[in-house]
Amino acid sequence: MSDTVLKGVALNKFYTQRTGNLGLTTRTIRALDNVSLELKHGKTLAVVGESGSGKSTLARCLLQLQPLDSGDVWFKGRHLNELDAAELRRQRRFLQMIFQDPFASLNPRMRVGEIVEEGLLIHQLGNAQQRQDKVVQMLQRVGLSADDMRKYPHQFSGGQRQRIGIARALVVEPSVVVCDEPVSALDVSIQAQILLLLKELQREMSLSYLFITHDLRIVRHIADDMMVLKQGQVIEAGAVEQIYTNPQQSYTQNLLMAIPGRQRQHS
């Protein structure tokens, strides 16, 4: 049996942009240009690229939050693009997302307990008591407490809010988690704590991560494999260690050389 849990084959996504003074001219932006990838069970695939390279579009298309123009997405051998709405909704439980901004991604009018419980309600998992127990357990697992259930997001720091976001994604016991720049809005000292937590949870829950980032400093600490996107195209892909030590493309070499302190190590 294949250990590939999520697979994208020849994914294409185009946008039409109007230009010129009257908006009469159009040009096509290739957000994803024939992108293919494989995410292995229990592993982390980092998708790396500068702003506008197509990373977030890739994430949304893989999760079927945005339609593809062409290409196929497979999850555990099931063809996601061909599922009807009800079946896709059922599969969504197993495909979760941790968002970039822990301030914007939590509803300020909901208590933390309600935020984390929401996925359990949507997917009709457990009765009221079982859901409450599960929420408490998950909050504690990410370093928060049962008392935090009654609080609102504004009562927490950025790092704590991201822990709430992680609890919300993992409480439904997904197989794949798309981490969309999950530490870029946090202080460096907090980033390390969140990355460590994500690795611990991955080990405990057998999670597979698609980790989207523009920050190559953290890729070596979190990922097994990586792919480099530039203007919607994959220009390099392989094992992290292999690409870090022997990048084949000048674009990748430049990204790696931009890591603070790296030039001194290699001069």
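The values are calculated or read from the model by the stated rules, or taken from the named source; none is laboratory data. These numbers were taken from a predicted model, which means no experiment stands behind them. When we count neighbours, we look across all protein chains shown, and the Cβ atoms used for this are built from the backbone with ideal geometry, even at glycine.
So the values come out like this:
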{"quantity": "Condition check for VAL219: within 30 Å of ALA146 (Cα to Cα) and in contact (Cβ under 8 Å) with a residue 24 or more places away in the chain", "calculated": "no"}
{"quantity": "Residue within the range 234-242 that is surrounded by 13 or more Cβ atoms within 10 Å (Cβ to Cβ), among the charged types (D, E, K, R) and either within 16 Å of the chain's Cα centre (by Cα) or more than 27 Å from HIS41 (Cα to Cα) (or both) present", "calculated": "no"}
{"quantity": "Condition check for LEU22: free of Cβ contacts under 8 Å to residues at least 40 places away in the same chain, under 14 Å from the mean Cα position of the chain (by Cα) and outside any helix (DSSP H, G or I)", "calculated": "no"}
{"quantity": "Within the range 205-257, tally of residues that are within 25 Å of ALA10 (Cβ to Cβ) and part of a loop (DSSP other than H, G, I, E, B)", "calculated": "8"}
{"quantity": "Members of the range 129-172 that are hydroxyl-bearing (Ser, Thr, Tyr), modelled with pLDDT of 95 or more and under 17 Å from PHE103 (Cβ atoms)", "calculated": "TYR152"}
{"quantity": "Count - residues of the range 37-73 that are closer than 21 Å to ASP224 by Cβ and assigned to a helix (DSSP H, G or I)", "calculated": "4"}
{"quantity": "Of the criteria (1) closer than 25 Å to LYS40 by Cα; (2) out of contact with any Pro (no Cβ under 6 Å at 6 or more places or on another chain), which one GLY165 fails", "calculated": "(2)"}
{"quantity": "Those residues of the range 173-202 which are touching an Asp or Glu at 6+ places or on another chain (Cβ under 7 Å) and modelled with pLDDT of 95 or more, in sequence order", "calculated": "none"}
{"quantity": "From ASP69, ASP84, ASP101, residue being acidic (Asp, Glu) and either over 30 Å from SER184 (Cα atoms) or in contact with a His (Cβ under 6 Å, 6 or more places away or on another chain) (or both)", "calculated": "ASP84"}
{"quantity": "For ALA192: the one exception among (1) under 14 Å from the mean Cα position of the chain (by Cα); (2) among the small types (Gly, Ala, Ser); (3) under 24 Å from PHE156 (Cα atoms)", "calculated": "(1)"}
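Results for (1) among the acidic types (Asp, Glu); (2) out of contact with any helix residue (DSSP H, G or I) (no Cβ under 9 Å at 6 or more places or on another chain); (3) surrounded by 12 or more Cβ atoms within 10 Å (Cβ to Cβ), shown as yes or no for each residue.
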site: LEU63; (1), (2), (3): no, no, yes
site: PRO67; (1), (2), (3): no, no, no
site: SER70; (1), (2), (3): no, yes, yes
site: ALA86; (1), (2), (3): no, yes, no
site: PHE94; (1), (2), (3): no, yes, yes
site: PHE103; (1), (2), (3): no, no, yes
site: PRO108; (1), (2), (3): no, no, no
